[in-house]
Amino acid sequence: MRAAWYEKQGPAREVLTVGEMPDPIPGAGEVRIRIAASGINPGDVKKRDNTFSSGMPYPRVIPDSDGAGRIDQLGPGISPEWLGRAVWCYGAQSYRAFGTAAEFTVVPLQLVVPLPENVTLEQGACLGIPGITAHRAVHVAGEVSGRTVLVQGAAGSVGLCAVQLARRAGARVIGTVRSSDEAETAKNAGAHEVVRNDNEDEFKARMKELALDGVDHIVEVAFGANIAADVDLLKMNGSIGAYATNVGAPTIPFWLMVFKNIRLFFLGSDDFSKEDKIRATHDLNAALEAGWAGFEIAERVPLSEIARAHELVEHPARRGRVVVTL
């Protein structure tokens, strides 16, 4: 099969190789997917670049955790009804060496989700990490129905999923964006209100109009930059689900958080429970089946140019997702 891989970490063009390797064979409890599209997430390029200084976990890594295609081979113990089904998968390269940047990938059936008939394979390839992260970020502190949820970075991949999932769960959703171009994306995802947060004074004034008594829960993409504003915006006993930060060692307004009894959750999608991941996949599929449009696909890049695809994730040319097509 044709595949991409790296055997050392570093810049995409220096470490990524595209070539031939043997077709994988599924073992017990596994399926093989003929990949049509491989989704690239920031975490995928950070693993390749060794951003977190974790080193090479395996001698050779096929990158990218999310993908979509059709099941073409079953391992022992898998029901024949799965053969030929269109599916999306997640976590293919989480604690594993074999991601989705290849013509075939083999994964445990628990990482495979049926693709709704009204959803393209490219959309399916983008769902895994952003959608599952968003679901946990929305629900980590408990029920959101009837509550006000603020989604920071509502036009990003995780943000727009969080907006949609929070709205479907019955929350009043306010999304923040940094430009008017992003506002439409957040609105289309389901935000009741969209607020620019690139001007601190204007942002505070607008939030006072929309949530005079504060918000109940915040989905946070830039923890270091926003924590002070978040604490100011939260009600007593409010909560934050933080899945990313702009700085690795942020400071926090400890006593202000104590006085408000704020709950803070740090969220790494690789280590969510199996049950939480499955719950997220069900809710994501339900949203898509109900007509949610999902992601804007900004770039479609062939496997032979995967280094360029990784660079586009690191330095986007335009808003939207990057997928590798096979």
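The values are calculated or read from the model by the stated rules, or taken from the named source; none is laboratory data. Bear in mind the structure is a predicted one, so any value in this text is a computation, not a measurement. For neighbour counting, all protein chains shown are included, and Cβ atoms are generated from backbone atoms with ideal geometry for every residue, glycine included.
General observations
- Among the residues of the stretch 25-55, those that are surrounded by fewer than 20 Cβ atoms within 10 Å (Cβ to Cβ), in a loop (DSSP other than H, G, I, E, B) and at pLDDT 95 or above comprise Ile25, Gly27, Ala28, Gly29, Asn50.
- All positions within the stretch 1-53 that are within 21 Å of Pro76 (Cβ to Cβ) and in contact (Cβ under 8 Å) with a residue 60 or more places away in the chain: Asp23, Pro24, Ile25, Pro26, Gly27, Gly29, Glu30, Val31, Arg32, Ile33, Arg34
- Being of a type in the set (Ser, Thr, Tyr), within 27 Å of Gly214 (Cβ to Cβ), crowded, with 18+ Cβ neighbours inside 10 Å and modelled with pLDDT of 95 or more holds for only one residue in Thr133, Thr100, Thr105, and it is Thr133.
- Selection from the stretch 244-266 of residues that are more than 25 Å from Gly159 (Cα to Cα) and among the β-branched types (Val, Ile, Thr): Val258
- For the criterion of being touching a helix residue (DSSP H, G or I) at 6+ places or on another chain (Cβ under 9 Å), under 19 Å from Val163 (Cβ atoms) and surrounded by fewer than 19 Cβ atoms within 10 Å (Cβ to Cβ), His217 fails.
- Annotation for the stretch 245-265: no member residue is surrounded by 13 or more Cβ atoms within 10 Å (Cβ to Cβ), hydroxyl-bearing (Ser, Thr, Tyr) and either in contact (Cβ under 8 Å) with a residue 60 or more places away in the chain or in contact with a Leu (Cβ under 8 Å, 6 or more places away or on another chain) (or both).
- Any hit, the stretch 70-83, residues being crowded, with 21+ Cβ neighbours inside 10 Å, in the same structural domain as Glu314 (by TED's automatic domain parsing), touching a residue at least 12 places away in the same chain (Cβ under 8 Å) and closer than 30 Å to Arg319 by Cβ: no
- Failed item in (1) closer than 22 Å to Glu299 by Cβ; (2) surrounded by 16 or more Cβ atoms within 10 Å (Cβ to Cβ), with Arg13 passing the rest: (2)
- All positions within the stretch 140-164 that are free of Cβ contacts under 8 Å to residues at least 60 places away in the same chain and within 10 Å of the chain's Cα centre (by Cα): Ala162
- The set of residues from the stretch 127-154 being in contact with a helix residue (DSSP H, G or I) (Cβ under 7 Å, 6 or more places away or on another chain) and in a loop (DSSP other than H, G, I, E, B) comprises Leu127, Val144, Gln152, Gly153, Ala154.
- Applying the condition of being within 20 Å of Thr185 (Cβ to Cβ) and loosely packed, with under 15 Cβ neighbours inside 10 Å to the stretch 299-317 and asking which residue is modelled with the lowest pLDDT yields Ala317.
- Meets criteria (at pLDDT 95 or above and in the same structural domain as Asn50 (by TED's automatic domain parsing)) for His282: no
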